């Protein structure tokens, strides 16, 4: 849902940007090159025939960007449109300025309203990369023009570009800070809600107390160690880890807290909790992107897990990470029918599960970060960290 919203906002911003660009570009060029030369009191040179021919090429290139932009938007590749538009404008305008003024006796007087639009409206995309791209691109353009035409007056538009870029970065900085504050507030609220839900589950099943937090801590440590994810990508994964056993709220208390061995029928009921949990968070923005973690954290590398019996790399990557963290905490936590295993014993059992229960690559990584997990465990009180059903 969040990804869809972002894409739609990117499309809206891009469409607005395209309208501004094309309207201002063509209106400005018509006024500057067609209307202004009509005034006899203005010293205006229509340029060489080569320049005049290039103007048709320039308009053809800019017009050709319209169908390209529409195609990219329809293909959900909207993020590339703004860069293509700017590059098309940058390259054609750079050549037209050089061709117009290089052999002209007129002083350099260029400075395009389109460029002001580019810089001042770049913050609407809420990305520093594009604002840098535009700001430095236009400064480089005027620097190159100045080198070719050898006219120091080009320093004036460079100063204007620097001033406009500063304004754009101030606006962008304020927008990003506002978004950051909103995100922080949202994360705090979401974390509070998630932990409230976990507390409810712990009231139903005291054997799960502390388990979710420890599994999330272990899993986050392993996911970070893979080097495959940005911190922002792992944020929602953390919440999914906290809620990986939420489906147990649907398990009858008599089964969930049964001290003895479960019957096959009872264990079949236990095995429904991943699917029930996934359905519970399917429409929760910020967590649903990692729904596979909840659905598949009990799958096995050899395909003997549940609920779908997935095997090998068919198991979602982060679900494989969670499986190791979940199993390790299960073994090092006390149950109603046995005490917690020593960490070294649990460590050996994880290694023994390489290629059968666990992804071999995850086990190799586990061996490297195992000291970190020992430290993580010490930050949590295991006194009430008893483990519930459904874990092996």
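The values are calculated or read from the model by the stated rules, or taken from the named source; none is laboratory data. Because the structure is predicted, anything quoted here is derived from the model rather than measured. No Cβ is skipped: glycine too gets one built from the backbone with ideal geometry, and neighbour counts run over all protein chains shown.
Scanning for something touching a strand residue (DSSP E or B) at 6+ places or on another chain (Cβ under 7 Å), within 16 Å of residue 357 (Cβ to Cβ) and at pLDDT 90 or above, does segment 269-289 turn up at least one residue?
Our first condition is that a residue be touching a strand residue (DSSP E or B) at 6+ places or on another chain (Cβ under 7 Å); within segment 269-289, this holds for none.
Within segment 269-289, none of the residues are touching a strand residue (DSSP E or B) at 6+ places or on another chain (Cβ under 7 Å), within 16 Å of residue 357 (Cβ to Cβ) and at pLDDT 90 or above.
Could you tell me which of the residues 153, 114, 134 is surrounded by 17 or more Cβ atoms within 10 Å (Cβ to Cβ) and modelled with pLDDT under 85?
Details: 153 fails: surrounded by 17 or more Cβ atoms within 10 Å (Cβ to Cβ); 134 fails: modelled with pLDDT under 85.
Checking each option against the conditions leaves just 114.
Quick one: which of 264, 268, 283 is within 37 Å of the chain's Cα centre (by Cα), within 25 Å of residue 315 (Cβ to Cβ) and either surrounded by fewer than 16 Cβ atoms within 10 Å (Cβ to Cβ) or not assigned by TED's automatic domain parsing to the domain that holds residue 321 (or both)?
Working: 264 fails: within 37 Å of the chain's Cα centre (by Cα); 268 fails: within 37 Å of the chain's Cα centre (by Cα).
Checking each option against the conditions leaves just 283.
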**Message:** Can you tell me which condition residue 340 does not meet? The list is (1) modelled with pLDDT under 95; (2) farther than 16 Å from residue 245 by Cβ; (3) part of a helix (DSSP H, G or I), and all the others hold.
**Reply:** (3)
